[in-house]
Amino acid sequence: MTVNVNFSGNYQELVSPELTERLQTIANKMNDGTAAGSDFLGWKNWPSTIDAELVSRIQETAKKIQQQADVLVVIGIGGSYLGSKAVLEALREPFKSATGVEIIFAGHLVSGAYLKNLMTYLDGKEVAVNVISKSGKTTEPAIAFRFLQDYMEKRYGQKAAERIYVTTDAEKGALLDVAKEKDYARFVVPDDIGGRYSVFTSVGLLPIAAAGYSIESLLSGAKRAEQELVEVHTDTNPAIQYAILRDHLYRAGYPVEIMAVFEERLTFVQEWWKQLFGESEGKEGKGIFPASVLYSTDLHSLGQYVQDGKRMLFETFVNVESVGDDLVMQQAANDSDELNYLAGKSLHEVNGAVQQATAEAHLSGGVPLITLSIPALDEDTIGYLLYFYMLSCAYSAYLLDINPFDQPGVEEYKVNMFRILNKPGY
Ligand code: PA5
């Protein structure tokens, strides 16, 4: 398996015949379409059924974007940007550029300074835009697109339309109307796939391909996960094991999960994971609160709380077995920094010691630990990992009797915002 799960406690003790039966019932209901929110289970078989013609069209469009632009501005919020951002950051080696275009995100916040400075940054560079919104009416990306559409039309005139790509619903939404009116190239967000489960659709694939990464390898990792994780085998299926452990810890009085990573490249996988689990599970007064830390960085900030603060936390470490480029500590003639005891060790080994030491310290402080190990940070592994999380998230939510695929609580701020801004009808 590409993801391996370890637990600081006794996992076997947690697996009862009743729990196995419950998980099997959840699997059956997802398969026969009777689970809550079944209309949004399209992501489940997507990696094995994605249309090869769609993949080719995305790759051709990515090539066209690379020929016409230096920068692709991707406009979207929530599930319409976090999947591609997570993959791009995980694959990008520090201080190295990707081989394709530079990707810059917009529309994920409302900041005049951000957008104004972005447009200044774009001056003098060739630009393309991919605006992504399933509903086609989300306010934050719509505002960003209004400014960027105007910017593109001022710069490129009629030809702006050849540089704007729209990813939205096939049938409805204000963005679809604009795309039709202006004759922008269009990609579809499938009806049965919600934003936070959409990374393997055009939503995630077009920006990832435009940046120069292999979407074929990403999809083949996801497809392997789909095939390997299909059976409810509590001994061997890591998605089931992770769901069982989370459910156990939640019920044992640990309502906060901290995902800890030791490689900066994973910090947007953390952001994507927080949205996936937070928006899928946090309903009806239930759900684990997903939080994140980057170690060692946060050992010198939040580490104090994790070690000694209120006992409500469990940690999930993501361990990357091989990180590619590395450095080895050398013997210094003069050991004035007193680091010669590390001579001969690679920094990956030192980082491993940080991880082991942190695990021991936090365990002794009463913080249970799950460890997820992955072999590397490449397209295939990341594809597998993200599918693993989506499947495990669905099981986790169903174990709490929650529909994983809606987000009713997101509406309240929107209604208030429309009232405050005097939107007609509010
Ligand atoms: O997971 C989700 O469904 C949400 O986070 C959406 O992706 C987010 O609200 C953006 O919605 P839309 O793509 O309709 O603009």
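Read-outs: derived from the displayed coordinates by stated rules, not from any lab. Keep in mind it's a predicted model, so treat the numbers as computed, not measured. Ideal geometry is used to build each Cβ from the backbone, glycine not excepted, and the neighbour counts take in all protein chains shown.
Per residue, the Cα convex hull of the chain amounts to 174 Å³. Among residues other than MET329 with Cβ under 10 Å from its Cβ, the summed charge is 0 (Lys and Arg +1, Asp and Glu -1).
Calculate how steeply helix 215-228 sits against the longest principal axis of the alpha-carbon atoms of the chain, using the helix alpha-carbon long axis, and give the answer as 0 to 90 degrees to the nearest 10. That helix lies at roughly 50 degrees to the long axis.
To the nearest 0.05, how large is the calculated FRET efficiency for ASN6 and VAL415 if R₀ is 35 Å and r is the Cβ-Cβ distance? Step by step, r from the Cβ atoms, then E = 0.20. Roughly how tilted is helix 238-251, in degrees to the nearest 10 and between 0 and 90, from the longest Cα axis of the chain? Rounded to the nearest ten degrees, it is 70. Distance between the pseudo-spin-label points of SER111 and GLN24 (7 Å out from Cα toward the beta carbon): 5.2 nm. The trypsin sites (Lys or Arg not before Pro) of segment 61-129 that DSSP puts in a loop, and whose beta carbon has at most 13 other beta carbons within 10 Å, are LYS96, LYS125. Treating each Cα of segment 177-336 as an identical point scatterer and ignoring solvent, apply the Debye formula and state log10 I(q)/I(0) at q = 0.10, 0.15 Å⁻¹. Scattering profile of segment 177-336, log10 relative to I(0): -0.56, -1.09. Applying the criteria of a DSSP loop state and at most 10 other Cβ atoms within 10 Å to the chymotrypsin sites (Phe, Trp or Tyr not before Pro) of segment 3-53 yields no site. Full extension of the chain segment joining SER296 with MET329 gains 10.1 nm, where the gain is 0.36 nm per residue of separation less the Cα-Cα distance. Here segment 19-67 was treated as a single set of alpha-carbon atoms; its pair distances binned every 5 Å from 0 give 5, 17, 15, 15, 12, 10, 9, 7, 6, 3, 1 percent. Could you check which residue among THR99, THR267, THR316 shows the biggest mean-square fluctuation in a GNM of the chain with a 10 Å Cα cutoff? Greatest mean-square fluctuation among the candidates belongs to THR99. The Cα center of segment 274-289 and the Cα center of segment 1-60 differ in position by 18 Å. For segment 46-213, taking Cα atoms only, Rg and Dmax work out to 14.7, 43 Å respectively.
For ALA376, nonlocal amide neighbours, meaning residues 5 or more places apart or on other chains whose placed amide H falls under 5 Å from its own, are GLU321, SER322.
Structural size metrics of segment 350-415, computed from C-alpha coordinates, are Rg and Dmax of 17.5, 50 Å. Considering only ILE258, SER220, ALA209, and ranking their Cα positions along the charge dipole of segment 176-289 that arises from unit charges at the beta-carbon of Lys, Arg, Asp and Glu, the one farthest toward the positive end is ILE258.
Under 5 Å between amide hydrogens, built in the peptide plane, is the criterion, and for ILE75 it picks out ALA106, ASN130, VAL131, ILE132 among residues at least 5 positions away or on other chains. Computed over all pairs of different Cα atoms, the Kirkwood value for the hydrodynamic radius of segment 1-47 is 13.1 Å. Relative to the longest principal axis of the Cα atoms of the chain, the long axis of helix 52-68 makes an angle of roughly 70 degrees. Take the alpha carbon atoms of segment 130-194, find their center, do the same for segment 391-426, and report the distance between the two centers in whole angstrom. Value for the Cα centre distance between the two parts: 23 Å. What the Cβ-Cβ distance of VAL15 and LEU342 gives, at R0 = 60 Å and to the nearest 0.05, is a FRET efficiency of 0.90.
Panel order for ASP326, ASP247, by other beta carbons found within 10 Å of each beta carbon, from fewest to most: ASP326, ASP247. The sum of -39500 (n - 2.57) across all DSSP H runs of n ≥ 4, divided by the residue count of the chain, sets its helix-only mean residue ellipticity at 222 nm to -14000 deg cm²/dmol.
The Cα atoms of segment 295-354 cover 47, 28, 14 Å along the three principal axes, with the biggest extent listed first.
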